[in-house]
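Chemist: I am attaching a structure below and will ask some questions about it afterwards.
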Amino acid sequence: MASGKAPRMTVRRLRFAYPEGLGGVWNPAQPAFSHIVNAGSLAMPYLEPYLIDTMRQARAKLDDPALIADIDCYIGQEATHYRQHQQFNRQLADRGYAAVPQMEAVLKADYQGFARNRSFTFNLAYAEGFEAMALTIGHMLIADRDHLFGDGDPAVASLILWHFVEEIEHKSATYDVFMALDGRYRWRLYGLFYALFHIMGRARQGYRLLLCEDGLWSGWRARLRRYRLLLRIFGGLLPRLLHVLKPGYNPRDVPDPVWAQAWWAQHAAGAGDLGALDTARLAAPVPMAMGAAR
Ligand SMILES: [Fe+2]
Ligand SMILES: [Fe+2]
């Protein structure tokens, strides 16, 4: 049974061995999902340093040692995330997608603009809005992992599931800081909606370009499959997002998925290679690494 308590955060360094010549569609059963993930990945080397910068500013305003320790762990995890995404994104760029440099320029300008021109209150609310959204995405991805990642490339599936297991792990970090330094409900909602529409808008722009380059955007079959996928994704996100809207929302009250708890336990025990999950066995209640005994 999920306890609802995230363990103490840990910065983990995993290795993801992408196969030579891996294409943008790393899960042939889910071409649109592959490019949705790719588009999201392109944002990480710009979004996560911006979150880190905001939390560093917050750190200077706080004197609670527990909050400061959490911020330091949070920064360690986010810095590791974006460096891993940078490596993955270079692979995408090497495949020759014009969308990669195009979206990177857009995302760089967005986050530089927020950091330079927006208030600290806005940036803190954006950080908490993004983290609340990331928590809902993490739960949705884990609940639907077999459908979305099943039989896909193990390294990419493992990268994304590692990232979101850690997003779940640091679910309270920005919330606690937001509550300590501001706490206004209307700002929490504003940050959530702003981050949600901003990220979703940029992700759509990115995956549209990527799918177009692969000739997978048009045609009624592709459209129908994409609409069904988006309905499924948003069907998984909506109830979780509605919970975030409640005035008394606290991410601590969101129980951690059993699969994520097993992931943490396996990592702590040094069991299996969590950078190479067996994507044929994602339906199992616990993570199964390639080559692990059945
Ligand atoms: Fe992250
Ligand atoms: Fe995060």
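Quick note: the coordinates plus some simple rules give every number you see, no bench work behind them. Values in this document were obtained by computation on a predicted structure and should not be read as measured data.
Chemist: Which Rg and Dmax, in Å, describe the Cα atoms of segment 201-279?
Modeler: Looking at segment 201-279, its Cα Rg and Dmax stand at 18.3, 48 Å.
Chemist: Let me ask something else about it. Using only the Cα atoms of segment 136-265, what are the Rg and Dmax in Å?
Modeler: Cα-based Rg and Dmax for segment 136-265 come out at 16.8, 50 Å.
Chemist: In percent, what relative contact order does the chain have, based on Cα pairs under 8 Å that are 6 or more apart in sequence?
Modeler: 30 percent
Chemist: Further question: Working from the pairwise distances between different alpha carbons, so that the mean of 1/r is found and then inverted, what is the chain's Kirkwood radius in Å?
Modeler: 19.5 Å is the Kirkwood radius here.
Chemist: Here's another thing I want to ask about it. Given the Cα-Cα distance of residue 11 and residue 224 and 0.36 nm per residue of separation, how much length would full extension add, in nm?
Modeler: Computed gain between residue 11 and residue 224 is 72.7 nm.
Chemist: Which value in Å is the Kirkwood Rh of segment 1-146 over different Cα pairs?
Modeler: Across segment 1-146, the inverse of the average 1/r is 17.1 Å.
Chemist: Mean Kyte-Doolittle hydropathy of 0.0 or higher plus an axial Cα length of 18 Å or more: which whole DSSP H helices in the chain meet both?
Modeler: Those that pass (Cα extent of 18 Å or more, hydropathy at least 0.0) are 31-60, 120-143, 154-169, 185-213, 220-245.
Chemist: When the helices in the chain are scored as -39500 (n - 2.57) per DSSP H run of 4 or longer and the sum is shared across all residues, what 222 nm value do you end up with, to the nearest 500 deg cm²/dmol?
Modeler: When only DSSP H runs of four or more count, the value is -23500 deg cm²/dmol.
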